[in-house]
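See below for the structure under consideration.
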Ligand code: ADP
Ligand code: MG
């Protein structure tokens, strides 16, 4: 058996982590063995949990980089039924290869992350994972300017700090493409 790869993408506040943890709960309810991983860089709410913006959380292991993830995975005595990785855009694109190898062990993999940075450009790692996924789930947020449920971009209020810059609503808002262009023209 080859594990199934599901990739959950969208802008900030689109419910990616919620969706990821919903799937994790389904495996737990079915008494399956799961593992939740997240990049060490994301300590917004917690160091040892994956936490949604609604503060639903599940215990997770913080991982520094893809190499550490590979070493950790290989060190496991018992392979899990599924692995859940949040904020995949923070890992380098060699994650694609590792995820592929993990599915070859029969482990299902769920990845969640931003598909685009605040410049409306793709995040490479997420894009590559989407390419090899069995299923891609594109989430939307409510546009924080016009209120329509068509927010597909993350707008950065102060465009400093680069594309790998962790933050919440003080830094980023979810917007639709029309409102994104409108905000950009006023910068
Ligand atoms: P993500 O992981 O995509 O950033 P989460 O799953 O952590 O998102 O959080 C989703 C929750 O964020 C929603 O259930 C809602 O309560 C809240 N939220 C805040 N702002 C928005 C918005 N603009 N659009 C949709 N949900 C929002
Ligand atoms: Mg999230």
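Bear in mind these aren't lab numbers, they're just calculated from the coordinates by the rules spelled out. Note that the coordinates shown come from a computational prediction; the quantities given were computed from them, not determined experimentally. Cβ: placed from backbone, ideal geometry, glycine included. Neighbour counts: every protein chain shown.
Please tell me the relative contact order of the chain in percent, rounded to the nearest whole number, where contacts are Cα pairs under 8 Å and at least six residues apart. Before the final figure, lay out each step's value.
Details: 371 pairs, mean separation 55.7, N = 187.
Relative contact order for the chain comes out at 30 percent.
Going by how many other Cβ atoms sit within 10 Å of their own, how do 49, 92 line up, fewest first?
Numbers: 49 16, 92 11.
By the 10 Å Cβ count, ascending, the order reads 92, 49.
Classify the stretch 50-100 as rounded, prolate or oblate from the Cα gyration tensor: take a ≥ b ≥ c as the square roots of its eigenvalues, call it rounded if a/c is under 1.5, otherwise prolate when a/b beats b/c and oblate if not. It would help to have the intermediate numbers written out before the result.
Working: a/c = 2.10, a/b = 1.34, b/c = 1.57.
It comes out oblate by the Cα gyration axes.
Which percent, nearest 5, of DSSP beta bridges in the chain are antiparallel? Could you put the intermediate results ahead of the total?
Working: 9 of 30 bridges.
Among the beta bridges of the chain, antiparallel pairing accounts for roughly 30 percent.
From the P(r) of the chain, can you give the percent of Cα pairs sitting at distances over 23 Å? Walk me through the numbers before you get to the answer.
Details: 6950 of 17391 pairs.
When all Cα pairs of the chain are counted, 40 percent exceed 23 Å.
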